[in-house]
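Would you mind keeping the following structure in view while I ask a few things?
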Amino acid sequence: MDIPGTPGDASPLPLNGRALQAYEYACEREKVTPEEIASAIGTDLKEAEGLMRSLCDLHLLWPTPGGGYTASSPRIFGAQLIAPAVRELAERQQHIMHMMERLDSLAEIYEQSPAKRLRRPEIEVLPEVDSVRSALNGLSAHASQEILTSQPGGARPADVLKEALSRTELVLRRNVTMRTIYQHTAQFNPATRAYVKHVTPLGAQVRMLSDGFMRLIVFDRETAVLPLHGNPQGAVIVSDQSIVDFVVEAFERVWPTASPFPVSYDQNQVMGASEEIKLAISQLLVEGVEDKVIARRLGMSLRTCQRHISDVMARLGARNRLHAGYLLSKVVDDLR
């Protein structure tokens, strides 16, 4: 049903031009006649009678005893005019809700069927951050046993942690186990510490590695969300069981080597963390890795990385970076 006066309606309210003039004239008087309207707006009697009939159809004019017409408030006819459209809109909304309920019930049947496992794509590319977030929300909501995550790159942005917090809370309150690996540098970020401090009492296990493990999220050892090559905003959803098993096995190998994530500090802890970072840097120096690559792998800024490298060189008495790598390699050879 079209609502008169709305865009696309074939019969809009005739309240423009002469019709509006006629209605305004009638509102100024107790009653009017077609002749008076014709004279007032400068038209002939036939057009004036047509305008008044239209206004009567909309209940903006009412015939009076003894002839003539009197104006009435649009509020009187408005409810009658709009009511059918409102009723139809409510019926459509109810129909949509009914369809959504039916689709949900069918989706539940499909999710539990072998057909889903046979037909779902083994690799699905999500190039946009919104589609990635939507997928993560859906996978988290359906997780029933375990979620494994690795978040390299140092501190995570505060807005990302805030979004992840509500999702993590819901997962943990369903008794789904959750294990997360960060890098050592993340422990110095207040937002990351606050996040870990909040989720740990709920059952989350959080550990750290110096050199970053690959970014991943694995749901129930069935679905893995991995980075999309060349697009930091995107992701790849992998459901091929062989690939997922490989990713889980890699995670399980590094988990025992990771250290617990501290949510509070004393001086000794800070010193110990700094030494672990310097040790990781030393290992990469031996491999001849460039400063900017070391910084990226350890999740820190280039400036901070170079400061640690300077400290390592000073301890070794190295003249330059190349000399430091040589001295460190000799130490490694001697230990062998």
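The values are calculated or read from the model by the stated rules, or taken from the named source; none is laboratory data. Bear in mind the structure is a predicted one, so any value in this text is a computation, not a measurement. Quick reminder, even Gly has a Cβ in these numbers, built from the backbone with ideal geometry, and neighbours come from all protein chains shown.
What are the pairs with Cβ atoms under 9 angstrom where one residue, in the range 158-169, is in the same structural domain as residue 197 (by TED's automatic domain parsing) and more than 14 Å from residue 193 (Cα to Cα) and the other, located anywhere, is in a helix (DSSP H, G or I) and polar (S, T, N, Q)? Sequence gap at least six, or different chains.
167/137; 167/140; 168/140
Let me ask something else about it. Residues to consider are 224, 186; find the one that is over 15 Å from residue 147 (Cβ atoms) and either small (Gly, Ala, Ser) or outside the structural domain of residue 253 (by TED's automatic domain parsing) (or both).
Matching residue, one of 224, 186: 186.
Among the listed residues 294, 237, which satisfies the condition of being outside the structural domain of residue 146 (by TED's automatic domain parsing) and either at pLDDT 80 or above or more than 19 Å from residue 196 (Cβ to Cβ) (or both)?
Sole residue among the options that is outside the structural domain of residue 146 (by TED's automatic domain parsing) and either at pLDDT 80 or above or more than 19 Å from residue 196 (Cβ to Cβ) (or both): 294.
Sticking with this one: Looking at the range 204-221, which of its residues are under 23 Å from the mean Cα position of the chain (by Cα) and surrounded by fewer than 18 Cβ atoms within 10 Å (Cβ to Cβ)?
The answer is 214, 215, 220.
Here's a follow-up. Considering only residues that are crowded, with 17+ Cβ neighbours inside 10 Å and within 16 Å of residue 218 (Cβ to Cβ), which ones fall in the range 140-171?
Hits for the range 140-171 are 140, 143, 147, 148, 149, 150, 151, 152, 164, 168, 171.
Which pairs turn up if I take residues in the range 36-58 that are within 11 Å of residue 23 (Cα to Cα) and look for partners that are part of a helix (DSSP H, G or I) and polar (S, T, N, Q) with beta carbon separation below 6 Å, at least 6 apart in sequence or on another chain?
Pairs found: 41/21.
Then there is this: Tell me, please, whether a residue that is in contact (Cβ under 8 Å) with a residue 60 or more places away in the chain, under 22 Å from residue 126 (Cβ atoms), surrounded by 20 or more Cβ atoms within 10 Å (Cβ to Cβ) and of a type in the set (S, T, N, Q) can be found in the range 186-203.
no
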